[in-house]
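Worksheet: the structure to be examined is printed underneath.
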Amino acid sequence: FVRDTPALFKRALESIERQDYRGGPVRIYLCVDGPLQAETTVVLEQHAGKIHRVLHHTVNQGLARSLNRLLDVLTDEAFVFRMDSDDFSHAHRISAQVAALQSRPDVDILGSAIREVDAGGRVLGTVRYPADRAEVHRFIARRNPLAHPTVCFRREAIERFVHYPEVAVNQDWALWYECLALGLGISSLDEVLVDMTV
């Protein structure tokens, strides 16, 4: 968080606040992992009324610990979405992923395609991920089968894996291996639902 760009953080928050989903409240949970720039603190304060829960680490604890703390404080959400502080969710992201999960009982963890952009918003390209179980199994041996900031979990899936593995890098990739071993279904929509800053 200490390296985050305040403008991108603001854009990320606003992209969730502007979701077109009408199936219930969209609650924003946020973990501040380490000290913030003054400008980022201002953005956080401006959006405080729209954020359901903010957790703070005074010293950087790393991604896995931050995500695990957030998982531990969830309330009654049926679907849980991941996103990074410099990415942008398209306005229909939540409604599209919830609708897809409601029509696909075999899928527990659902991602989407991403549009890679630079910090200025210039489009660098589109990346798509595997949609069916066999393709996910082939893909995972050589590449991450999901774009982590696009992921939506069913709550039941979280209750089975409980926490992200606390490894130094590739926490998400390690989790997908664990989830496949548990028999959870992983898939991605072909549609671009997130602009991912690279």
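The values are calculated or read from the model by the stated rules, or taken from the named source; none is laboratory data. None of these values were measured; they are calculated from a predicted model. Every residue, glycine as well, gets a Cβ built from its backbone with ideal geometry; the counts of neighbours run over all protein chains shown. Side chains included, ligands, DNA and RNA excluded: accessible areas come from the protein's heavy atoms. Shrake-Rupley method; radii C 1.70, N 1.55, O 1.52, S 1.80 Å.
Percent of accessible area on the stretch 39-198 owned by carbon and sulfur, 1.4 Å probe?
That fraction is 53 percent.
What does the C-alpha gyration tensor say about the overall shape of the stretch 1-92? Classify as rounded when a/c is under 1.5, otherwise prolate if a/b is larger than b/c, or oblate.
It is oblate, given that a/c is not under 1.5 and a/b is not larger than b/c.
Just to be sure I understand the model, the point goes 7 Å from the Cα along the line to the Cβ. What's the resulting Ala99 to Leu124 distance in nm?
3.0 nm
Hey, what number do you get for the chain at 222 nm if only DSSP H runs of n ≥ 4 count, each worth -39500 (n - 2.57), divided across all residues, to the nearest 500?
After summing the helix terms and dividing by the residues of the chain, the value is -10000 deg cm²/dmol.
Nearest 20 debye, what's the magnitude of the dipole of the stretch 1-127 about its Cα centre given +1 on Lys and Arg Cβ and -1 on Asp and Glu Cβ? Write out the running numbers ahead of the final one.
Details: 15 positive and 17 negative charges, 29 e Å.
Once rounded to the nearest 20, the dipole reads 140 debye.
Scan around Glu191 for amide H atoms under 5 Å from its own, H built in the peptide plane at 1.01 Å from N, and keep only partners 5 or more places away or cross-chain.
Under 5 Å from the amide H of Glu191 lie the amide H atoms of Ala113, each far enough along the sequence or on another chain.
Does the chain come out rounded, prolate or oblate by the C-alpha gyration tensor, with a ≥ b ≥ c the root eigenvalues, rounded set by a/c under 1.5 and, if not, prolate when a/b is larger than b/c and oblate if not?
Cα axes put the chain in the rounded bin.
Could you pull the Rg and Dmax for the stretch 3-44, using just the Cα atoms, both in Å?
12.0, 36
How much accessible area per residue does the stretch 5-157 have, in Å², with a 1.4 Å probe?
So the stretch 5-157 comes to 49 Å² accessible per residue, rounded to a whole number.
If you average the C-alpha positions of the stretch 1-72 and of the stretch 101-162 separately, how far apart do those two centres end up, in angstrom?
Taking the Cα centre of the stretch 101-162 as reference, the centre of the stretch 1-72 is 21 Å away.
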